[in-house]
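Enquirer: For reference, the structure I am asking about is given below.
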Amino acid sequence: MQHHTVLKVAAKLLLPFILLFALYVQFHGDFGPGGGFQAGVIFGAGIILYALVFGTGHARAVVPPGAVRAAAALGVLLYTGVGVASLLLGANFLDYGILAADPVAGQHLGILLVELGVGLTVTAVMILLFYAFAGVEGAETDRAVANRDGAERAAAERAVADRGGASRAGPDWTSTS
């Protein structure tokens, strides 16, 4: 996608707003529509848009698969940790009211942490699924592939030039040897 300038410029302009909207949905979910799942989908879609426009190699450099796997695990641990903290404090699993001295403040804190864990996990799983389908896990970056291809092409051109251009002109049928 080297010549899609309009697409790249449009993506560069829209991507910050997409990610900002995902954060809005994440943190507004405590008071209205939205929350972790919706924000995770939006955030994951933004990263996937980046990968589709700029290449999976560039996306892998910005968001490495190892970091994405760690984020997925962290999101699940955060969600589960809130539930276990509730149990350890003597309430039911995910009974947020016990997390603070004021039950309303505990509810807000618990919902914020659980939704953050859900958002982190959904984002990470979407990106990991995209990487799996795109074949990024063991692939080289786009720049490394371009450098390797360019080096191979240059070596082939040098080999042809060293032979005096014989391969360009075709076989020499006039020789008697």
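Every number here is computed from the coordinates shown, using simple stated rules; none is lab data. On a predicted model such as this, the values are computed, not experimentally measured, just so you know. Virtual Cβ from ideal backbone geometry, glycine too; neighbours counted across all protein chains shown.
Enquirer: Once the piece of chain linking Phe133 and Ala91 is laid out straight, how much longer is it, given 0.36 nm per residue of separation minus the C-alpha distance between them?
Expert: On the way: separation 42, 0.36 × 42 = 15.12 nm, distance 4.21 nm.
Taking Phe133 through Ala91 to full extension adds about 10.9 nm, to one decimal.
Enquirer: Taking neighbour counts of Cβ atoms within 10 Å as a proxy for exposure, in what order, fewest first, do Ile111, Ile127 appear? Show your work: numbers first, answer last.
Expert: Numbers: Ile111 19, Ile127 27.
Listed from fewest to most nearby Cβ atoms, that is Ile111, Ile127.
Enquirer: Can you check how the C-alpha radius of gyration of segment 5-136 compares to 2.2 N^0.38 Å, as a plain ratio?
Expert: On the way: Rg = 17.0 Å, N = 132, 2.2 N^0.38 = 14.1 Å.
Here the Cα radius of gyration is 1.21 times the empirical estimate.
Enquirer: What FRET efficiency would be calculated for the residue pair Arg163, Leu7, taking the C-beta separation as r and a Förster radius of 41 Å, to the nearest 0.05? The partial results should precede the final answer.
Expert: Working: r = 42 Å, r/R0 = 1.04.
Plugging the Cβ-Cβ distance into 1/(1 + (r/R0)^6) gives 0.45.
Enquirer: Which value in nm describes the separation of the simple spin-label points at Leu20 and Thr80, placed 7 Å from the Cα toward the beta carbon?
Expert: Taking the two extended label points, one gets 3.7 nm.
Enquirer: If neighbour count is taken as other Cβ atoms inside 10 Å, put Leu20, Leu52 in order from fewest to most.
Expert: The order, fewest Cβ neighbours first, is Leu20, Leu52.
Enquirer: Please list 3J(HN,Hα) in residue order for segment 58-75, calculated via the Karplus relation 6.51 cos²θ - 1.76 cosθ + 1.60 where θ = phi - 60°; whole Hz, with x for glycine and proline.
Expert: 5, 5, 5, 5, 6, 10, x, x, x, 5, 5, 4, 5, 5, 4, 5, 5, x
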